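Here is the structure we will look at.
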């Protein structure tokens, strides 16, 4: 691959920078004098993706081709690194999804380049209504190291993140065993006591999954799972900033409590992301209603059944409703989650050249995407292709 130079504005300083890319790696970063209204960022990193554009990693009919199509859909949204997320389901369904993703990584280099690991959200979560979210109650069960080893075998060793509730008696031993294997453990969908949360963190849990969601609408004022997770500096929290999952004041207060460095954005997008409003039947939530404003609920209720906004849209919404500077919002969707994905999400010499170039008009408009130095997506070409159909 020949050397190339990619230019654009630094979102923090506003100055134009040039990235010299050689053999898929950023060799040099320097200021330049080019006048551009396009910004440069590392490719976005999303650690919670159930699907988008009609593609669902939890679908019974999942195929390798669907995973490849999902990767391409994510790249067009500026995401160069993401964790396919499998929710609570029977063992055979989990193993099927894991094996298909593993096969896709083996067969398609682009898939392997974009998917560092699989995120298993459940099935060891709270069985209680509200806390469980849209996960099926009949598939919830306690942690089992033997079961995890079966899943990891099906995944070809690619399970890299597990979300669980630490209220189970087996949780502490299970967490320690997974951490010993290099798996990131997150607390989520939990009614655990503050003491149980503390024990989970002591055992090695280092993440909170979509903090403020996956919890009952009415909870004890003080002794609930949110406060200990906000207070413990060992935990980095993920947030869904789509405008539906967290009210602006809650999001702003939680970000202040965790701080920018211990905060990350995830989309939690499902297959209906990018689809028209209507009533659908999905593996995540069953019968659901996608409203015109993008809110997705279990049909006939206010219970959220995932999200439909892209990570880029979440960044724009975060900046608008909280006043967080653009460069800090970007760090929550690049370098911060990248720490849990092998150091992805950085623009510095020696980093893989996963690059996003975008316009900023109170929202991110994806213009160009490079994966390991190869230009994968350009908005102008995508528009021409759509017009040609």
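The values are calculated or read from the model by the stated rules, or taken from the named source; none is laboratory data. Keep in mind that what you see is a predicted model, and the values were worked out from it rather than measured. Every residue, glycine among them, receives a Cβ derived from its backbone with ideal geometry; neighbour counts consider all protein chains shown.
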Practice task
Determine whether residue 127 is without any contact (Cβ under 8 Å) to a residue 24 or more places away in the chain, in contact with a helix residue (DSSP H, G or I) (Cβ under 7 Å, 6 or more places away or on another chain) and in a loop (DSSP other than H, G, I, E, B).
Solution key: yes
Completion exercise
Over segment 100-118, the set of residues touching a residue at least 40 places away in the same chain (Cβ under 8 Å) and within 19 Å of residue 284 (Cα to Cα) is 101, 118
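For every residue, the table says whether it meets (1) farther than 26 Å from residue 195 by Cα; (2) surrounded by fewer than 23 Cβ atoms within 10 Å (Cβ to Cβ); (3) at pLDDT below 95.
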{"site": "126", "(1), (2), (3)": "no, no, no"}
{"site": "140", "(1), (2), (3)": "no, yes, no"}
{"site": "149", "(1), (2), (3)": "yes, yes, no"}
{"site": "153", "(1), (2), (3)": "yes, yes, no"}
{"site": "165", "(1), (2), (3)": "no, no, no"}
{"site": "171", "(1), (2), (3)": "no, no, no"}
{"site": "182", "(1), (2), (3)": "no, yes, no"}
Exercise for the section: Restricting attention to segment 23-71, report how many residues are in a loop (DSSP other than H, G, I, E, B) and either touching a residue at least 24 places away in the same chain (Cβ under 8 Å) or surrounded by 14 or more Cβ atoms within 10 Å (Cβ to Cβ) (or both). Expected result: 17
Problem - Which numbered condition residue 321 fails, given (1) crowded, with 19+ Cβ neighbours inside 10 Å; (2) outside any strand (DSSP E or B) - result: (1)
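Quick grid of which residues meet (1) exposed (fewer than 15 other Cβ atoms within 10 Å of the Cβ); (2) in contact with a helix residue (DSSP H, G or I) (Cβ under 6 Å, 6 or more places away or on another chain); (3) at pLDDT below 95; (4) part of a strand (DSSP E or B):
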site: 333; (1), (2), (3), (4): no, yes, no, no
site: 342; (1), (2), (3), (4): yes, no, no, no
site: 350; (1), (2), (3), (4): yes, no, no, no
site: 357; (1), (2), (3), (4): no, no, no, yes
site: 368; (1), (2), (3), (4): no, no, no, yes
